[in-house]
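Just so you know, all these numbers are worked out from the coordinates, no wet-lab data involved. This structure is a prediction, so every number in the text was calculated from the model and none was measured. In this analysis, Cβ positions are derived from the backbone assuming ideal geometry, glycine residues included, and neighbour counts consider all displayed protein chains.
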Amino acid sequence: MRSAMFGSSLEATTTDRFALQNDKMLRVHLDGEVLARQGSMVAYQGEMTFAHQGSGGVQKFLKKAFTGEGVPLMKVSGRGDLFLADDASEVHVVTLEGDSITVSGRNVLAFDTSLQWDIRRVEGASMMAGGLFNTVFTGVGQLAITSFGPPVILNVDQPTYADAQSAIAWSSTLQTAAKSSMSAGALVGRGSGEALQIAFSGQGFVIVQASEGPRVVQQNG
């Protein structure tokens, strides 16, 4: 049997713990545990068990219930190769070396159990402003995030603004604030009547995806 697919889509042979099988699929070389988004497993080889992961304590549970932010997590335990994906979004691996990064909860795919995480609110955002609660990861380990289309990394060396749905991750050292403009709502973003951006200042970077994410199609009846 012959196909070009057999030459370009074979399983990755690297022994790295987190490796890109392709730009839309993550392979985790597992020997222990990893936390991943519920429903993201597309295949695995070896012996593994999957269990619902709690909120990480009462405080985090209350934050998730109050803000709607956070990631529906599963704990995967065992040994073998685990393949993860999220609706064919692009996957990017970030290695933390004692530093920190802030990520939108909807863009978290998987992360090492060695990383600490907490839910934070963008300063100045009203409680009704959706998408402005994000997850901060700190410590030593790896994290896989997704983007809807190829992202751009902006160096924050001047006042920087990003659509609240398009900013998927940024340096935790940056100062953030919510910026809203009712009059521009029909011109930028999704045209929902309110233009909502996150303002960034300080020194660091912002990762912006090439879209506000998949559009939800409304069906009548």
Open item on the list: Using a Förster radius of 22 Å, what is the FRET efficiency between S211 and I153 based on their Cβ-Cβ separation? Nearest 0.05, please.
Closed with: 0.90
TODO: Work out how much length K24 to A177 would gain on full extension: take 0.36 nm times their residue separation and subtract the Cα-Cα distance, in nm to one decimal.
DONE: 51.9 nm
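Listing R79, R106, R27 from the residue with the fewest other Cβ atoms within 10 Å to the one with the most, what is the order?
Going from least to most buried by this count: R79, R106, R27.
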